[in-house]
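Before any comments, here is the structure.
The values are calculated or read from the model by the stated rules, or taken from the named source; none is laboratory data. Values in this document were obtained by computation on a predicted structure and should not be read as measured data. Note: ideal-geometry Cβ built from the backbone for every residue, glycine included; neighbour counts use all protein chains shown.
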Amino acid sequence: MNSEKQLLNQIKNPRIRAIAETVCSRKPVEPAALAEMLATDDILDLAAVAGFICRRLHGNRVFYGVNMNLNYTNMCELRCPLCAFSCDPGDEKGYVLSLDEIEYRVRAAAADGIDEVHIVGGLNPDLGMDYYEQMIRRIKAVKPDIVVVAFTAVEYDYFARQSGLPLKEVFERLIAAGVDALPGGGAEIFAPHVRKVIAPKKIPGDRWLEVMRTAHQLGLKTNATILYNHRETIADIVDHLVRIRALQDVTGGFKTFVPLAFHGRNTRIGAVKDASTGFDDIRLYCSARIFLHNVPHLKALWMYVGEKTAQVLLNFGVDDLSATYRNEKVVHAAGAETPDDGSEARLRELIENAGRIPVRTTALYESAGEGQGK
Ligand code: SF4
């Protein structure tokens with residue numbers, strides 16, 4: 001293919017050219033090559049390969065969503081050191097959204113035309129399956145075709161332990177209530193020596209993967225995340241991506257990979273740097289796009305990396321700029337300086353200004369709403 005020739009001709013770094021040859025022959029890139037990519041300064045060579053893969057998968061399209069965020073409680077038993085959002089059960093800053101309040105918020109957002117609700121919260125011992133099922137049912141009653149992306153693998157594991165139900169039954173009940181897909185949070189970094197510092201009580205990486213495997217087996221599509229810019233090494237990032245790619249080979253259930261740059265303000269661990277650098281972000285996004293050949297989408301959450309970096313990342317393998325969100329709480333508690341509420345017009349502007357075609361969609365990547373493909 002001519003474009004493959006063009007790709008190989010433009011790459012100066014011989015090691016990255018070897019990786020590009022692997023990509024052109026549609027073979028998986030080796031973990032050792034991933035480690036090299038994560039350490040290189042040749043980010044434009046990396047960009048050429050990541051951009052090639054992105055165009056091969058999605059052409060000139062860039063996806064975005066029109067959604068709302070629902071953080072139903074901030075009280076959490078785990079109190080992970082990485083978390084600026086949570087407080088202890090019973091704390092005066094603690095809250096639980098009532099089912100009426102949730103319905104009210106969803107009704108208001110639905111009137112504004114959202115396609116999707118994104119739901120995550122703390123592990124609150126005062127809540128139970130009845131609350132979660134009713135929450136989803138009442139949301140679906142407001143707008144039956146709304147896409148419900150609900151609860152991380154960490155929450156599903158908690159629901160099962162707290163209720164005494166098998167994990168599969170928890171999933172089946174919440175699917176029956178209306179859950180359509182899962183977000184990818186809680187993965188953090190799988191490496192136990194880092195996990196025990198940043199989130200010592202959170203389920204281990206093996207369990208996170210097991211919960212996702214169960215979700216995939218029941219037909220739910222999910223995201224997968226990595227949290228970077230805290231204590232991780234390149235070897236830890238490689239381990240994380242190897243394990244996600246291996247599960248994807250078995251289930252095919254991951255739709256999207258979502259790197260999350262750690263924001264350390266108000267948390268009980270310091271980040272290695274206050275914020276990731278542009279090179280850090282670019283190396284990680286490009287490397288993930290190249291290594292995770294079997295995961296179709298790579299998403300940049302503009303509220304984590306900032307609008308400008310998110311837009312630039314469209315040239316570094318990203319095909320999804322995430323969504324509008326309304327009232328995002330988790331990352332803003334940790335000091336994100338972006339607005340906590342984006343507009344569809346702004347997301348389309350960022351995408352079009354980068355010379356790409358905005359496509360409004362949901363976590364299921366079925367076209368949604370007005371303006372698709374314009
Ligand atoms: S990161 Fe999640 S599980 Fe950990 S304390 Fe915060 S809300 Fe709880």
Filtered residue count, the range 170-189, keeping only those that are among the hydrophobic types (A, V, I, L, M, F, W, C), buried (at least 19 other Cβ atoms within 10 Å of the Cβ) and away from the ligand (no atom under 15 Å from the Cβ): 6
List pairs: first in the range 190-209 and assigned to a loop (DSSP other than H, G, I, E, B), second of a type in the set (Val, Ile, Thr) and within 14 Å of the ligand (Cβ to nearest atom), Cβ under 8 Å, 6+ apart or cross-chain? Lys202/Val154; Ile203/Val154; Ile203/Val211
Confirm whether Val149 is modelled with pLDDT of 95 or more, surrounded by fewer than 22 Cβ atoms within 10 Å (Cβ to Cβ) and β-branched (Val, Ile, Thr). no
When you scan the range 96-141, how many residues do you find that are within 16 Å of the ligand (Cβ to nearest atom) and either in contact (Cβ under 8 Å) with a residue 40 or more places away in the chain or crowded, with 23+ Cβ neighbours inside 10 Å (or both)? 11
Test each condition in (1) without any contact (Cβ under 8 Å) to a residue 12 or more places away in the chain; (2) within 16 Å of the ligand (Cβ to nearest atom); (3) hydroxyl-bearing (Ser, Thr, Tyr) for Thr73 and report the one that comes out false. (1)
Would you mind stating whether Ala345 is under 24 Å from Ile244 (Cβ atoms), at pLDDT below 95, surrounded by fewer than 21 Cβ atoms within 10 Å (Cβ to Cβ) and of a type in the set (A, V, I, L, M)? no
Residues (in contact (Cβ under 8 Å) with a residue 12 or more places away in the chain, under 18 Å from Gly185 (Cα atoms) and within 16 Å of the ligand (Cβ to nearest atom)) located in the range 158-169: Tyr158, Phe159
Apart from one, (1) over 24 Å from the mean Cα position of the chain (by Cα); (2) assigned to a helix (DSSP H, G or I) all hold for Lys27; the odd one out is (2)
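Take the residues in the range 211-228 that are part of a helix (DSSP H, G or I) and farther than 13 Å from Ile244 by Cβ, then tell me which one is nearest to the ligand (Cβ to nearest atom). Reasoning before the result, please.
So the first thing to find is which residues in the range 211-228 are part of a helix (DSSP H, G or I), and the list is 211-217.
Right, trim to farther than 13 Å from Ile244 by Cβ and you get 211, 214-215, 217.
Numbers: Val211: 13, Thr214: 19, Ala215: 18, Gln217: 24 Å.
Residue satisfying both the conditions and the ranking: Val211.
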Among residues of the range 52-83 being touching a helix residue (DSSP H, G or I) at 6+ places or on another chain (Cβ under 6 Å) and not in a loop (DSSP other than H, G, I, E, B), the residue nearest to Ala109 (Cα to Cα) is Met68
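For the range 239-256, enumerate the residues that are among the hydrophobic types (A, V, I, L, M, F, W, C), crowded, with 22+ Cβ neighbours inside 10 Å and not in a strand (DSSP E or B). I'd like the intermediate steps shown before the answer.
Going through the range 239-256, the residues among the hydrophobic types (A, V, I, L, M, F, W, C) turn out to be 241-242, 244, 246-247, 250, 254.
From the residues that got through so far, the ones that are crowded, with 22+ Cβ neighbours inside 10 Å too are 241, 244, 254.
Within the range 239-256, Leu241, Ile244 qualify.
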Checked against (1) surrounded by fewer than 18 Cβ atoms within 10 Å (Cβ to Cβ); (2) in a helix (DSSP H, G or I); (3) of a type in the set (D, E, K, R), Glu92 satisfies every condition except (2)
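Could you say whether any residue in the range 127-138 is within 30 Å of Phe63 (Cα to Cα), in a loop (DSSP other than H, G, I, E, B) and not β-branched (Val, Ile, Thr)?
The initial filter retains those residues of the range 127-138 that are within 30 Å of Phe63 (Cα to Cα), namely 132-133, 135-138.
Then keep just the ones that are in a loop (DSSP other than H, G, I, E, B); that gives none.
Checked the range 127-138: no residue is within 30 Å of Phe63 (Cα to Cα), in a loop (DSSP other than H, G, I, E, B) and not β-branched (Val, Ile, Thr).
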Spot the failing condition for Glu155; the list is (1) within 16 Å of the ligand (Cβ to nearest atom); (2) under 22 Å from Leu301 (Cβ atoms); (3) modelled with pLDDT under 95; (4) not hydrophobic (A, V, I, L, M, F, W, C), and only one is missed. (3)
Scanning the range 35-89 for residues that are more than 20 Å from Leu301 (Cβ to Cβ) and polar (S, T, N, Q), the one surrounded by the fewest Cβ atoms within 10 Å (Cβ to Cβ) turns out to be Asn60
